[in-house]
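Remarks on the structure that follows.
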Amino acid sequence: MMRQYELVERVTKYDPDADEDLLNRAYIYAMKAHGTQLRASGEAYFNHPLEVAAILAEMKLDTATIVAALLHDTVEDTEATHQEIVEKFGSEIASLVDGLTKIKKLDMVTKEATQAENLRKLLLAMSRDVRVLLVKLADRLHNMRTLHHVKPEKRERIAQETMDIYAPLAGRMGMQIIRDEMEDIAFGVLNPEAQKIIRDRLDRLHVESGDVLREIELALSKELESNGLKAEVKGREKRPYSIWRKMERKQLSLDQLSDIFAFRVLVDRIDECYRTLGVVHRTWRMVPGKFKDYISNPKQNDYRSLHTIVIGPHSMRVEMQIRTHLMHDIAERGVAAHALYKDDEIKGLADQGLQVAAGESNAYRWLRHLMDVLQEGDSPKEFLEHTRLELFHDQVFCFTPKGQLIALPQGATPIDFAYAVHTSVGDSCVGSKVNGRHAPLVTKLRNGDEVEIVRSEAQVPPPAWEAIVVTGKAKAAIRRATRAAMRKQFAGLGREIIEKLLEQQSHAYVEKEIANAVPRLGHKNVDDALSAVGRGELSGLDVLKAMGVTVDEKEVRASRRKVSLKKAESDGKFSLPVRGAAANMALKIHSVTGAVPGERIVGISTPGEGITIYPIYASALEQFDQQPDRWVDLAWGVAEEGQRFPARIKVSLANEIGALAQVTQVIGEHGGNIDELQLQARHGVRDFFDLTVLLEVFDIRHLNDIMNGLKSRPLVSTVARVTG
Ligand code: MN
């Protein structure tokens, strides 16, 4: 076990101003508190917090962090209380210990049920103080180091959790050393066979190629020296787990993996990195396409280095990483490294191009934030205290009213949330409350939002939602529900068509007769056949023929034409059949989307102008989300015979002769009127163009009829309603 003075010495070595008395008191307090407790290994429990403190001292962290590490298990596992810690060590350290106690409680509950809760608390703790997280990572690292003492079932669970949560977390914080060690141990527990295979192969390679690492190290050092470069060259074998991951990712066998050796060259200044690269490429042939400049283009976690692969001695592929000592330190220790730099060193960071570019977007904002604080704050200590980590920033975490945590991608809406909870919740979603208040379904959710979904079993998800949601699960479910609804609608439409045709032939509609005809039509059942008729894929007349009904085709066609002519003439003479608005209100249909009977509509009132009718999914409605008093609940009444309504659709067409003719032909055949037609070249796509058509139709069925007639044409690629 590490002695008291040893720990103090380690800390004062990098921090001469460290509070030795505080460290001594914490050492004794923790040792006494844990008393005779033993670990699974049989050694004194106190050895654990001590080792955790040592890991953090290795990372050169501040005294408060080291003390918190010594005390991290006291409140949870011993008689010690929060109050006592406050009295003896002050509120700063007590709050760190408190954060750790909270996280620790979660380690003991079973994984499935509490995983989410765990993550939530973890996040809360982290957002308060980054040091809590640093101690937790060190704690987990030491637990991994001693994992072989733990019972097998528990061992696997801990290893999996480390692989899933802690190792990636260490990685995102830029603490590569900790990540590597955690992964290596977890890999050995979770997949010992794979680890053994890779180790054996590495051993064989050693025998075959001798001490290649040494050989290359020497050759490179000499070459650099003769070019006047002072560099530290270090060769290493890649870790079994990183080899394994590469094999999995690239679907390679072990023999296909050639770059097993990697070298690091550390120099003092940036210009020397590039000069070193020159020497490397002059000495050995580079592998084309493998050079990467992460100095001018840092990775998202602020990793900086030059990478190249060359063909070294014995024709072996060798990976080279070239960087400055400072870049190396940050690559290995991440946040912990940042925490230590003092003012003059920060200037050094800036000289090395390590300041973070303004206006840089998206990922790892937290690191940029760390950097900002680092440059503004006057001491590393203040830096740590003021750090608020924004981890997982590409995700949002929201809660159900029962406290279940739902992780969603950034930009997710309540609809995504509903589908993430359960498909049936999404399908029946009609509204949402965010943090207890009604919120539009297009709201972008934020971290910590509590979301309640308002449901109605009568609901069918509108197809337009597909454009609003961001998760694949929601998109797929909406498409599925839309297909099912369409199918149902088409079957109804098909039945109506058949009924009408039979009526013209003075033949009663008998389902059994259709059922008998179904096999001859190549369909599975009546619904299937009717739905095909509704979609326009199967002609109603063919169904009648298959039923054995004699049909006078000329008569049928003539009567159809008459109907559509009559309806076209009578257009424009009617008032709108809409219920829900005051009688004296002027009504008009939104000119962009149109609206037709059979679809859900709402009105937006504009003082002095009247009410504009929108289909419920019109995206133009978003602008009125914050003005609930302008919304008017409307419903369709009964339209006059032959009354037509506007609906705008967008048709994407192959850029071929005859495409346009197909569109107008289908619309004409179905008795639709074209009121307006616009052609647009599709941006960047030459094979297709878009056509926007303002139609005049009788109702939603008529519209669907036309849209599906269009979809069935070979030159038509997509048909969609214009939503605003
Ligand atoms: Mn612990």
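Looking at the stretch 578-636 from every direction and averaging, what is the projected area of its Cα convex hull in nm²?
Average projection, Cα convex hull of the stretch 578-636: 3.8 nm².
Which value, in Å² rounded to 10, gives the accessible area of VAL533 with a 1.4 Å probe and all protein chains present?
We get 10 Å² for VAL533.
Can you give me the Kirkwood hydrodynamic radius for the stretch 1-73, using every pair of distinct Cα atoms, in Å to one decimal?
Computed over Cα pairs of the stretch 1-73, the Kirkwood hydrodynamic radius comes out at 12.1 Å.
Using only C-alpha positions, report the orientation-averaged shadow area of the convex hull of the stretch 577-724, nm², one decimal.
Mean shadow area of the hull around the Cα atoms is 9.7 nm².
Please tell me which of these pairs span more than 31 angstrom C-alpha to C-alpha: LYS88/LYS136; LYS246/LYS444; LYS238/LYS299; LYS13/LYS88; LYS13/LYS292?
Listed pairs above 31 Å: LYS246/LYS444; LYS13/LYS292.
With a 1.4 Å probe and all protein chains in place, put TRP244, TRP631 in order of accessible area, largest first.
TRP631, TRP244
In Å², what does the accessible area per residue of the stretch 578-636 work out to with a 1.4 Å probe?
About 51 Å² of surface per residue is accessible.
For the stretch 645-721, which whole-number percentage of the solvent-accessible area (1.4 Å probe, protein heavy atoms only) is attributable to carbon and sulfur atoms?
Using a 1.4 Å probe with all protein chains present, the stretch 645-721 comes out at 50 percent carbon and sulfur.
Is the C-alpha gyration tensor of the stretch 194-338 telling us rounded, prolate or oblate? Criteria: a/c under 1.5 is rounded; beyond that, a/b larger than b/c is prolate, otherwise oblate.
In terms of gyration-tensor shape, oblate.
Normalised by the empirical 2.2 N^0.38 Å for globular proteins, what value does the Cα Rg of the stretch 645-721 take?
Against the compact-globule rule of thumb, the ratio is 1.01.
Compute, for HIS438, the solvent-accessible surface of its heavy atoms (probe 1.4 Å) with the complete set of protein chains present, and express it in square angstrom to the nearest 10.
140 Å²
Can you tally the net charge around GLU272? Count Lys and Arg as +1, Asp and Glu as -1, for every other residue whose Cβ sits under 11 Å from the Cβ of GLU272.
Neighbour charge sum, excluding GLU272 itself: +2.
For the stretch 194-338, report the accessible area per residue in Å² (1.4 Å probe, heavy atoms, rounded to an integer).
49 Å²
The values are calculated or read from the model by the stated rules, or taken from the named source; none is laboratory data. None of the values given here were measured: they were computed from a predicted structure. So basically every Cβ, Gly included, is an ideal-geometry build from the backbone, and we count neighbours across all protein chains shown. Keep in mind that these areas ignore ligands, DNA and RNA; they rest on the heavy atoms of the full protein, side chains included. Shrake-Rupley method; radii C 1.70, N 1.55, O 1.52, S 1.80 Å.
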